[in-house]
1. Could you check region 194-240 and list, in sequence order, the residues that are assigned to a loop (DSSP other than H, G, I, E, B), closer than 12 Å to residue 170 by Cβ and out of contact with any strand residue (DSSP E or B) (no Cβ under 9 Å at 6 or more places or on another chain)?
2. Would you pick out the residues in region 242-275 that are under 20 Å from the mean Cα position of the chain (by Cα) and either away from the ligand (no atom under 15 Å from the Cβ) or not in a loop (DSSP other than H, G, I, E, B) (or both)?
3. Within region 167-189, track down each residue that is touching a residue at least 40 places away in the same chain (Cβ under 8 Å), within 11 Å of the ligand (Cβ to nearest atom) and assigned to a helix (DSSP H, G or I).
4. Identify all residues within region 306-334 that are free of Cβ contacts under 8 Å to residues at least 60 places away in the same chain, within 16 Å of the ligand (Cβ to nearest atom) and in contact with a strand residue (DSSP E or B) (Cβ under 8 Å, 6 or more places away or on another chain); write none if there are none.
5. Is it true that residue 201 is within 23 Å of residue 312 (Cα to Cα), modelled with pLDDT of 95 or more and within 14 Å of the ligand (Cβ to nearest atom)?
6. Kindly list the number of the only condition in (1) surrounded by fewer than 22 Cβ atoms within 10 Å (Cβ to Cβ); (2) out of contact with any helix residue (DSSP H, G or I) (no Cβ under 7 Å at 6 or more places or on another chain); (3) assigned by TED's automatic domain parsing to the domain that holds residue 56 that fails for residue 155.
7. Report every pair of residues separated by at least 6 positions or lying on different chains whose Cβ atoms are under 7 Å apart, first residue within region 276-305 and within 15 Å of residue 257 (Cα to Cα) and more than 16 Å from the ligand (Cβ to nearest atom), second modelled with pLDDT of 95 or more and part of a loop (DSSP other than H, G, I, E, B).
8. Within region 135-150, can one find any residue that is more than 9 Å from the ligand (Cβ to nearest atom) and either out of contact with any helix residue (DSSP H, G or I) (no Cβ under 9 Å at 6 or more places or on another chain) or free of Cβ contacts under 8 Å to residues at least 24 places away in the same chain (or both)?
Ligand SMILES: NC(=O)c1ccc[n+]([C@@H]2O[C@H](COP(=O)([O-])OP(=O)(O)OC[C@H]3O[C@@H](n4cnc5c(N)ncnc54)[C@H](OP(=O)(O)O)[C@@H]3O)[C@@H](O)[C@H]2O)c1
């Protein structure tokens, strides 16, 4: 069926940023008309006019055709979106909403578009005190930081606690890293932020870090499977060799929340931190937060947290035409905080 030009999403000038696999194995990507088939909108879907979309690491991978994230072709990336309901799902037209995950930008078109359609069960009313852009600055990164810090709060064994003990956040200049620094500091912990960027020091300190270190300053050069136990809890967004090194330096009863793989997906470690210090390595998968109610509760907590971080948290507004360039910069680790795409 040809696109209905009167249908939301097919109005003149409605655009998206789309990536598709080419026959030669490469990818072709850029700004295109959205061009929806109205008949393809399912009865249980909500159509949202996108006002802003957060730019997550996963979106950078999708935008460059990473097969682990770009599960269908063609695809509009954007795992987070905020905007207003146009119709569907029994929600009043104009309701301010947010949506994260639920296959957006991976198995179905995501938020880098003038409109997005999503399963009704994915839609969360945007907290009234959180602006559209603030919501997308937080987005999946903020939800993930909260989930990770909640998990650590349950796992870190207080029987071994020492006064002024330290909690570590790796990849601290990134979206998840900065939010994790703020969440842990708000919980009263002494936070050490680990970043390779000198330019991030002022920002992460403003977000609550008591100290900022480079990775080489916390890596013990000896090959021992255990080194002096320093960290009570760790939020790790980097993975790879840095995670392996950090595990050796977790104090007895401490815990590590493994979130990301920006620095590598392989983990070469030993069982010694686990069997000799009772360290816990906990995996975090924000996409599997089970219920809509739990997600709504996390959004309320982000709304409470945002005033503490707003002044310091770097937010970069991007147009659809900027998506390809920002993805390259993000994968090269040249970005800080969160980019947000304003579709029009
Ligand atoms: N498990 C989940 O549910 C979940 C949810 C959200 C995100 N994630 C993952 O978490 C990670 C961070 O996501 P994000 O959106 O915060 O990304 P981001 O904004 O790009 O931040 C990633 C940070 O990792 C560090 N980094 C990047 N490349 C590195 C390398 N080669 N070696 C060491 N450090 C490196 C950089 O920090 P410095 O320059 O400051 O060192 C960078 O700022 C990604 O892997 C993402 O896929 C997972």
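The values are calculated or read from the model by the stated rules, or taken from the named source; none is laboratory data. This is a predicted model, so every value here is computed, not measured. All Cβ positions, even for glycine, are placed from backbone atoms using ideal geometry, and neighbour counts span all protein chains on display.
1. Result: 196, 219.
2. Once the filter is applied, which keeps residues that are under 20 Å from the mean Cα position of the chain (by Cα) and either away from the ligand (no atom under 15 Å from the Cβ) or not in a loop (DSSP other than H, G, I, E, B) (or both), region 242-275 yields 242, 243, 256, 257, 258.
3. Filtering region 167-189 down to residues touching a residue at least 40 places away in the same chain (Cβ under 8 Å) leaves 167-180, 182-184, 186, 189.
Add one more test, that the residue is within 11 Å of the ligand (Cβ to nearest atom), and what stays is 169-180.
Correct list: 175, 176, 177, 178, 179, 180.
4. Of everything in region 306-334, those that are free of Cβ contacts under 8 Å to residues at least 60 places away in the same chain, within 16 Å of the ligand (Cβ to nearest atom) and in contact with a strand residue (DSSP E or B) (Cβ under 8 Å, 6 or more places away or on another chain) turn out to be 316, 322.
5. Criteria met by residue 201.
6. (3)
7. Here the result reads none, with nothing in region 276-305 linked to a residue that is modelled with pLDDT of 95 or more and part of a loop (DSSP other than H, G, I, E, B).
8. yes
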